[in-house]
2 protein chains.
Amino acid sequence: MKINFLEQYRLQTKCLVALDSIIFGFDGTDLKLLLVKRGVESDHDTWSLMGGWLAPDETLEKASQRIVQALTGLDDVYLEQLGAFGDPLRDPVERTVSVAYFALINVPSYEDKINHDFDADWFPVRDLPELLFDHKEMVEQAKERLKYKAAFHPIGFELLPEKFTLPQLQNLYEAIFGVKIDKRNFSRKILSTNLLIKLKEKQKGFSKKGAFLYQLDAEQYKKDFNAFLNFIPNPDM
Amino acid sequence: MKINFLEQYRLQTKCLVALDSIIFGFDGTDLKLLLVKRGVESDHDTWSLMGGWLAPDETLEKASQRIVQALTGLDDVYLEQLGAFGDPLRDPVERTVSVAYFALINVPSYEDKINHDFDADWFPVRDLPELLFDHKEMVEQAKERLKYKAAFHPIGFELLPEKFTLPQLQNLYEAIFGVKIDKRNFSRKILSTNLLIKLKEKQKGFSKKGAFLYQLDAEQYKKDFNAFLNFIPNPDM
DNA sequence: ATTGAAAATGTAAATATGACATTTACATTT
DNA sequence: AAATGTAAATGTCATATTTACATTTTCAAT
């Protein structure tokens, strides 16, 4: 019986296991994705998600962290598993199951640390180049997931610098959901969550009046990860 | 360059890929899980999720369907990927990445078709036995995901027979969310979605008065998969 | 005919939402 | 130093939604 059972394991075909990262960023206007150029001659014009292989002693989460860090230099990004993609023909070279994670990073902190060994660039999610394998499908799912999540939880802040203005925050939500939001209602709703601390400083340079800076109340953020349930009116998911 | 690139593939260690199914059912009172006894002497008292191996030419979804059908006999269950679990030590026999799916089935249709080759039984989710490997974690995540999803989409119906009463439906939601809901408010809210068609028949036998049966308006259901956004007051996720 | 048990139903107060326009701050220009 | 232009900040009212809560109805069983 025990033999038979171990036999079961021996009989199975094994797969390669890869990880792919959908890395979102926000530049104040557009929601963007960080893509890399594949270092293969035959694919020299194809962009792809940053990816890598699962190492023998790694968890999936750790592998994904390692891979995102290799490119961005950042080690504290928001990372969430999107799911496994396993179509038998998704990678024409060899059967590979890929586990996709999406990451939210704020672009300024990235700019300092980026690893220039990779040929990487930001693309607006509304206008992406052709992508390798099934990466387009991964990106579509990730966009949906981000909408879903951001509609109910305050994860948008992960895409902003530590100090940000209400207009910036609103731009971000408008980019994620592809809608226009009323300024007055937005500010009322967002401030009523008590998640934000208004600072004395203003953002200078962009507008003449200048907008007040805010930062997240870390305490509240932890307590109130559900603060946005019902945040976006009729989020369309 | 091209050689080097194929070399990359050759160097990677391969993993076994398994699938595990979190199969939810509802008996009118309790939310339950369908578990199987592991057919291995050393584990003769351990229950586990129904699982299986990924076949060489299968998608993950198809494999999961096949495995759920092998046990339940049902081929049209609601199935959704929960995610991949890949701790290097999760399976002590050999490194295995498992992709978990959760399934919603209605118990009566299952009872006709169940495959008795498996030693399977229903357990209330509130009182589960010890489970194999990391299956407990999978179950916890699946419970959360079911809450999340059921709070915003009308998937609860997948757990009920074709014809059901409002009290049954309410019991289901109370079981999923572990809360008491006011009868009057529940019925008003649910009927306002226009997802239900009231039938002339009543359910007999359970109460003296008998409760009217309803069925899903399939048309509306497809159109209005978001009908429940904001359905459960303050769903706690 | 009476009883018991669950099903069905309505209203009013509080709260949240959505639509909408004016004023304020300040850097730049004259 | 006054005028101008641009984006930021702010408030109200009508409507819709949510919540809390108790009585009546139905019908099988006695």
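The values are calculated or read from the model by the stated rules, or taken from the named source; none is laboratory data. Quick caveat: nothing in here was measured; it's all calculated off a predicted structure. Positions of Cβ are generated from backbone atoms using ideal geometry, with glycine treated the same way; all protein chains shown enter the neighbour counts.
A few points about this structure:
- Restricting attention to the stretch B:91-116, the residues that are within 14 Å of chain A (Cβ to nearest Cβ) and surrounded by fewer than 18 Cβ atoms within 10 Å (Cβ to Cβ) add up to 3.
- If you go through the stretch A:187-222 and pick out every residue that is at pLDDT below 90 and surrounded by 11 or more Cβ atoms within 10 Å (Cβ to Cβ), you end up with 0.
- Number of positions in the stretch A:115-129 that are free of Cβ contacts under 8 Å to residues at least 40 places away in the same chain and closer than 14 Å to residue A:46 by Cα: 0
- Considering each residue of the stretch A:17-34 in turn, at least one proves to be assigned to a loop (DSSP other than H, G, I, E, B) and either within 13 Å of chain B (Cβ to nearest Cβ) or of a type in the set (D, E, K, R) (or both).
- When restricted to residues that are part of a helix (DSSP H, G or I) and closer than 21 Å to residue A:85 by Cα, the stretch B:42-68 contains 9.
- Failed criterion for residue A:156 (all others in (1) out of contact with any helix residue (DSSP H, G or I) (no Cβ under 8 Å at 6 or more places or on another chain); (2) more than 16 Å from DNA strand C (Cβ to nearest atom) hold): (1)
- Residues being within 8 Å of chain A (Cβ to nearest Cβ) and either within 17 Å of residue B:99 (Cα to Cα) or modelled with pLDDT of 90 or more (or both) - total across the stretch B:1-16: 5
- Residues in the stretch B:76-90 that are away from chain A (no Cβ under 12 Å) and at pLDDT 95 or above were compared, and the one that is surrounded by the most Cβ atoms within 10 Å (Cβ to Cβ) is B:77.
- Residue check for residue A:162: touching a residue at least 12 places away in the same chain (Cβ under 8 Å), more than 14 Å from DNA strand C (Cβ to nearest atom) and more than 14 Å from every other protein chain (Cβ to nearest Cβ): yes
- Candidate set from the stretch B:64-75 (those that are surrounded by 21 or more Cβ atoms within 10 Å (Cβ to Cβ) and not polar (S, T, N, Q)); member that is farthest from residue A:100 (Cα to Cα): B:71
- Residues in the stretch A:206-224 that are within 14 Å of DNA strand C (Cβ to nearest atom), among the aromatic types (Phe, Trp, Tyr) and in contact (Cβ under 8 Å) with a residue 24 or more places away in the chain: A:212 alone.
- Search result, residues across the stretch A:172-188 that are over 14 Å from residue A:231 (Cβ atoms), more than 9 Å from DNA strand C (Cβ to nearest atom) and out of contact with any helix residue (DSSP H, G or I) (no Cβ under 8 Å at 6 or more places or on another chain): A:175, A:178
- Some residue of the stretch A:215-223 being within 14 Å of chain B (Cβ to nearest Cβ) and not in a strand (DSSP E or B): yes
- Qualifying residue in the stretch A:37-49 (condition: more than 10 Å from every other protein chain (Cβ to nearest Cβ), in contact with a strand residue (DSSP E or B) (Cβ under 7 Å, 6 or more places away or on another chain) and of a type in the set (Lys, Arg)): yes
- Odd one out for residue A:229, checked against (1) within 11 Å of DNA strand C (Cβ to nearest atom); (2) assigned to a helix (DSSP H, G or I): (2)
- Segments classed as strands (runs of 3 or more DSSP E), wholly inside the stretch B:91-204, with at least 2 members that are within 16 Å of DNA strand D (Cβ to nearest atom): B:196-203
- Just one of the listed residues (A:54, A:60) is within 16 Å of residue A:138 (Cβ to Cβ) and either within 13 Å of chain B (Cβ to nearest Cβ) or crowded, with 21+ Cβ neighbours inside 10 Å (or both), and it is A:60.
- Every residue from the stretch B:205-222 that is within 14 Å of DNA strand D (Cβ to nearest atom) and under 28 Å from the mean Cα position of the chain (by Cα): B:206, B:211, B:212, B:213
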